[in-house]
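Below: the structure, in structure tokens.
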Amino acid sequence: MKSLILSLLLLVSGGITVTPALVHAEEITNRRVITLSIDDANNYSPIEIALGDTLDIELDNNGSIGSRCYFSNFSQDRVLSLNTPTKEGVIKSPRKNDHPIGAPTTYVWHFERINLGTTNIHFIKSFRGQIVQSIDFNIVVSPEKSDLQ
């Protein structure tokens, strides 16, 4: 029953499933939401999205131990636009009341396409204020839908 409810919630919300290093897209009312995770980062193959797509990037943060990820910049600022109120993203899951102490929390950043072209979305992962990892997503916005499955 839980899996049925979860499936319905994902369908209604436009949720996307991502398997490691394989991007998935789902079309809902002629609008696709492409969801990327850390498994899709630092890949030299560009991820192609169409001009009509929306892009979500989901990363885990664990602020209780001093670890956090935040959006840093684009390599080109005229291809995508960050559509999230802060560079720290917004909490996606788990809900605050369901969150065990010390467990990571998934944060999401929403990006809207504004132009055709290529860009690199750059995130920084820090631990107790020190940069420990650079997370990069190579994105190509094309006029047509790609073959993402």
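Are any of the residues in the stretch 127-139 touching a strand residue (DSSP E or B) at 6+ places or on another chain (Cβ under 6 Å), of a type in the set (D, E, K, R), on the phi < 0 side of the Ramachandran plot and modelled with pLDDT under 85? Within the stretch 127-139, not a single residue is touching a strand residue (DSSP E or B) at 6+ places or on another chain (Cβ under 6 Å), of a type in the set (D, E, K, R), on the phi < 0 side of the Ramachandran plot and modelled with pLDDT under 85. Taking the conditions (1) surrounded by 13 or more Cβ atoms within 10 Å (Cβ to Cβ); (2) closer than 23 Å to ARG32 by Cα; (3) under 18 Å from the mean Cα position of the chain (by Cα) in turn, GLY117 satisfies each one other than (3). In a residue-by-residue description of the stretch 85-97, the property of being closer than 14 Å to LEU116 by Cα and in a loop (DSSP other than H, G, I, E, B) applies to no position. Out of THR105, THR35, one residue alone is among the β-branched types (Val, Ile, Thr) and modelled with pLDDT of 90 or more. It is THR35. When residues in the stretch 49-82 are screened for being of a type in the set (D, E, K, R), within 14 Å of the chain's Cα centre (by Cα) and part of a strand (DSSP E or B), 3 of them pass. Annotation: ASN73 fulfils all but one of (1) closer than 22 Å to GLY129 by Cβ; (2) at pLDDT below 80; (3) in contact with a His (Cβ under 6 Å, 6 or more places away or on another chain); (4) not hydroxyl-bearing (Ser, Thr, Tyr); the unmet one is (2). Residue under question is TYR44, and the condition is that it be of a type in the set (Phe, Trp, Tyr) and more than 15 Å from GLN133 (Cα to Cα); does it hold? Yes. Only residues that are assigned to a loop (DSSP other than H, G, I, E, B) and within 10 Å of the chain's Cα centre (by Cα): list them for the stretch 29-40, please. Listed by number, the list holds a single entry, SER37.
The values are calculated or read from the model by the stated rules, or taken from the named source; none is laboratory data. In this text the structure is predicted, and so the values were computed from the model without any measurement. Neighbour counts are summed over all protein chains in view; Cβ atoms, including those assigned to glycine, are modelled from backbone coordinates with ideal geometry.
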